[in-house]
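The values are calculated or read from the model by the stated rules, or taken from the named source; none is laboratory data. All values reported here derive from a predicted model rather than from experimental measurement. Cβ coordinates were reconstructed from backbone atoms using ideal geometry, including for glycine residues, and neighbour counts include every protein chain displayed. We work out accessible area using only protein heavy atoms, side chains counted, and drop any ligands, DNA or RNA first. Shrake-Rupley method; radii C 1.70, N 1.55, O 1.52, S 1.80 Å.
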Amino acid sequence: MNKNIKIIITYLICLIVLFTAPFIGSYSINISSIFNVNTTDNYIFFHTRLPRVTAGFITGGILAVSGLVFQSIFKNPIATPFTLGVAGGASLGAALYIFFAQSVTIMALLGQTVAAMAGALITIFIVFFLSAVKRKLNNTTLLLSGVAVNFFTSALIMFMQYFADINQSYNITRYMIGNLAVVTNDNILLMLPVSFAAFFIIYLFHKELDILSMGENIAAGRGVNITYSVTILYFTVSLAIAAITASAGPIGFIGMIIPHIIRLFISYKNKILIPVSFIFGGAFLVMCDTISRTIIAPAELPVSIITSIIGAPFFIFLILKTNKL
Amino acid sequence: MIKANNITYKIKNNLILNNISFEINKGDFTAIIGPNGAGKSTLANILAGIIKPNEGEITINNKNIYKISKKQKAKIISYVPQSYNYNVSDFTAEEFVATGIYPYLDYFGTLTKEHIEKVHYYMNLTNIYHLKDRHISTLSGGQYQKVNIAAALAQEAEFILLDEITSFLDQKAKYEINNLLLQLNQENNYSIIQISHDLNYALNANSLFLCIKNGKLFAKASALEMVNNNIFTSLFDMEFLYMKQNNKIAVVPK
């Protein structure tokens, strides 16, 4: 099939998902009354469902594109947005907040987001400076220091969970599962500009990512400024992931699987791969989130569970079906 | 002209290159030879501007290559690295050659019609145009190296530096690649610098030899001097025989 037709079909599927998702839920919305300001339908559509779909779309999009960037610069197919410890840092920040400051209940959610954001930012800088200590920043030192810091933060979280009471421990676990239900409208106002700026910057580096995926020696010969490119991409991806995980928690699997699906079926060229992964990743998370909102309605499942339950078998099916991998 | 001035490179306290100076002129066909571990590939990385020496500097056409941008550098010297792994993802030959255009791209990385024409021109010059749509991973070793050379040509740099690109090729592929490089030098005026273990080819192509031993410049000599002064013997610490037939010369271990 022609590549352009594949892209159009993918976009159409995504559009259908995005337009139907806000109408699906435990309260069924009547399309004709959503623009009537006095109705419940209007309130639910514009204040609950639409923000939720928006949050899902940008979260999924950024996760997919971030995974793609890390897979390219580390030439590692199992790299995810969380490989370098941003999510670990965010979780540690959230866990510290839950452990020490949970008594301030009114501020709980905002405080937890701020703490997670701080944890993520501190981790980003620690990983960067650890890898830059060796004078020459390269992909390997960045990957290794990121993985090491990730293990370290996990250990600290386990340490805290061991000494926390049941309630705190439960809250820490809830955060670490990753869930869109906790994303507030204020969080979305932060996530939107950060995500679109990140997407734009990553897109500008599509040519560098193509060449970097061929190996550092080739990239250096072509005149790619590797240190500069990797530094900009690292901070862009990490800050976007920090903004997203601080509110939603680490939502798994999307960042690893979506780039592979697009690479297999549409294109391995980053110029196409980046935008298509963003849109498909966003729509995929919205779809999973719609399922998580409805499957045990009126209660909700954390979306992370759905992404992995649907994603893992689907991904295995793809690997078995294709001989490209 | 490439000028290397007092290049010293060390890793911790190990001297990899020890105060090397030389010049390579425009249009030269140069072979950098020497025993394994002599520092040849390190020297190539330094010439290509990939690693920076602890002391000394490289100027190409009077430009210090560590003081200009990486893209500027890529426009005056292109580099084909040693390639024992074929892990160059799913790209087609044409897309791979097009990466040579990188230093000329604008911020959005748009390939113009002229760029594509340039890519096709260099693919024709290296006789790989018919492989245009083949994926890199499906090419033979010889075809892959031609694609590598075409990509380096697309950088439109005057100097081309190649690191042991024929080492894993069969006789015919080696012969084709070697002829291609000679043709690029003699007909298209490229300055070719090769790191090579193929002494016979370097001799018969009438290369200028830069001999590196233990991190030092051991000798700089013409092909004729290499044979007449028997420099190979002292360079590799072993005896060689020289055989001549039909204007060709072969050097073999005694």
Do any helices (runs of 4 or more DSSP H) entirely within the stretch B:53-172 hold 1 or more residues that are without any contact (Cβ under 8 Å) to a residue 40 or more places away in the chain, open to solvent by 50 Å² or more (accessible area, probe 1.4 Å) and at the interface with chain A (Cβ under 9 Å from one of its Cβ atoms), and if so, which? B:70-76
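Table: residues versus (1) under 30 Å from B:Ala93 (Cα atoms); (2) within 18 Å of the chain's Cα centre (by Cα); (3) assigned to a helix (DSSP H, G or I); (4) of a type in the set (Gly, Ala, Ser).
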| residue | (1), (2), (3), (4) |
| --- | --- |
| A:Leu239 | no, yes, yes, no |
| A:Ile258 | yes, yes, yes, no |
| A:Lys271 | yes, no, yes, no |
| A:Gly281 | yes, yes, yes, yes |
| A:Met287 | no, yes, yes, no |
| A:Glu300 | no, no, no, no |
| A:Ser304 | no, yes, yes, yes |
| A:Leu320 | yes, no, yes, no |
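From the list A:Ser154, A:Ser195, pick out the single residue that is buried (at least 19 other Cβ atoms within 10 Å of the Cβ) and part of a helix (DSSP H, G or I).
On the way: A:Ser154 fails: buried (at least 19 other Cβ atoms within 10 Å of the Cβ).
So the residue among A:Ser154, A:Ser195 that is buried (at least 19 other Cβ atoms within 10 Å of the Cβ) and part of a helix (DSSP H, G or I) is A:Ser195.
Would you confirm whether or not the stretch A:134-156 contains a residue that is more than 23 Å from A:Gly67 (Cβ to Cβ), of a type outside the set (S, T, N, Q) and in contact with a Leu (Cβ under 6 Å, 6 or more places away or on another chain)? Before you say what the answer is, go through the steps one by one.
Looking only at the stretch A:134-156, we keep the residues that are more than 23 Å from A:Gly67 (Cβ to Cβ), and these are A:134-136, A:155-156.
Restricting the remaining residues to those that are of a type outside the set (S, T, N, Q) gives A:134-136, A:155-156.
With in contact with a Leu (Cβ under 6 Å, 6 or more places away or on another chain) added as a condition, the list becomes A:156.
Yes, that holds for at least one residue.
Out of curiosity, is B:Leu208 touching a residue at least 24 places away in the same chain (Cβ under 8 Å), of a type outside the set (Val, Ile, Thr) and touching a Ser or Thr at 6+ places or on another chain (Cβ under 9 Å)?
On the way: touching a residue at least 24 places away in the same chain (Cβ under 8 Å): yes; of a type outside the set (Val, Ile, Thr): yes; touching a Ser or Thr at 6+ places or on another chain (Cβ under 9 Å): yes.
For B:Leu208, the condition - touching a residue at least 24 places away in the same chain (Cβ under 8 Å), of a type outside the set (Val, Ile, Thr) and touching a Ser or Thr at 6+ places or on another chain (Cβ under 9 Å) - is met.
When you look at A:Ala108, is it of a type in the set (Gly, Ala, Ser) and modelled with pLDDT of 80 or more, yes or no? Give the derivation first.
On the way: of a type in the set (Gly, Ala, Ser): yes; modelled with pLDDT of 80 or more: no.
Spelling it out, it is not the case that A:Ala108 is of a type in the set (Gly, Ala, Ser) and modelled with pLDDT of 80 or more.
Could you say whether any residue in the stretch A:226-241 is open to solvent by 60 Å² or more (accessible area, probe 1.4 Å) and touching a Pro at 6+ places or on another chain (Cβ under 8 Å)? Even if it seems obvious, please write down each step before you answer.
First, the residues of the stretch A:226-241 that are open to solvent by 60 Å² or more (accessible area, probe 1.4 Å): A:227-228, A:239.
Subsequent filtering for residues that are touching a Pro at 6+ places or on another chain (Cβ under 8 Å) retains none.
No, every residue in the stretch A:226-241 fails to be open to solvent by 60 Å² or more (accessible area, probe 1.4 Å) and touching a Pro at 6+ places or on another chain (Cβ under 8 Å).
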Within the stretch A:70-77, is even one residue modelled with pLDDT of 90 or more, farther than 30 Å from A:Ile218 by Cβ and surrounded by 24 or more Cβ atoms within 10 Å (Cβ to Cβ)? no
Out of the stretch A:55-103, which residues are under 25 Å from A:Leu189 (Cα atoms), in a helix (DSSP H, G or I), aromatic (Phe, Trp, Tyr) and under 18 Å from the mean Cα position of the chain (by Cα)? A:Phe57
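Do we have A:Thr294 as buried (at least 22 other Cβ atoms within 10 Å of the Cβ) and in contact (Cβ under 8 Å) with a residue 24 or more places away in the chain here? Break it down stepwise before answering.
On the way: buried (at least 22 other Cβ atoms within 10 Å of the Cβ): no; in contact (Cβ under 8 Å) with a residue 24 or more places away in the chain: yes.
Answer is no for this residue.
Select from the stretch B:181-222 the residues that are part of a helix (DSSP H, G or I) and surrounded by fewer than 19 Cβ atoms within 10 Å (Cβ to Cβ) and list them in ascending order.
Filtering the stretch B:181-222 down to residues part of a helix (DSSP H, G or I) leaves B:181-186, B:199-204.
Matches in the stretch B:181-222: B:Leu182, B:Gln183, B:Gln186, B:Asn200, B:Asn204.
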Residue count, the stretch B:224-238 (criterion: open to solvent by less than 100 Å² (accessible area, probe 1.4 Å), in a loop (DSSP other than H, G, I, E, B) and over 16 Å from B:Leu208 (Cα atoms)): 1
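Yes/no per residue for (1) away from every other protein chain (no Cβ under 13 Å); (2) in a helix (DSSP H, G or I); (3) free of Cβ contacts under 8 Å to residues at least 24 places away in the same chain:
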position	(1), (2), (3)
A:Val182	yes, no, no
A:Ile188	yes, yes, no
A:Phe199	yes, yes, no
A:Asn217	no, yes, yes
A:Gly221	no, yes, yes
A:Leu233	yes, yes, no
A:Thr245	yes, yes, no
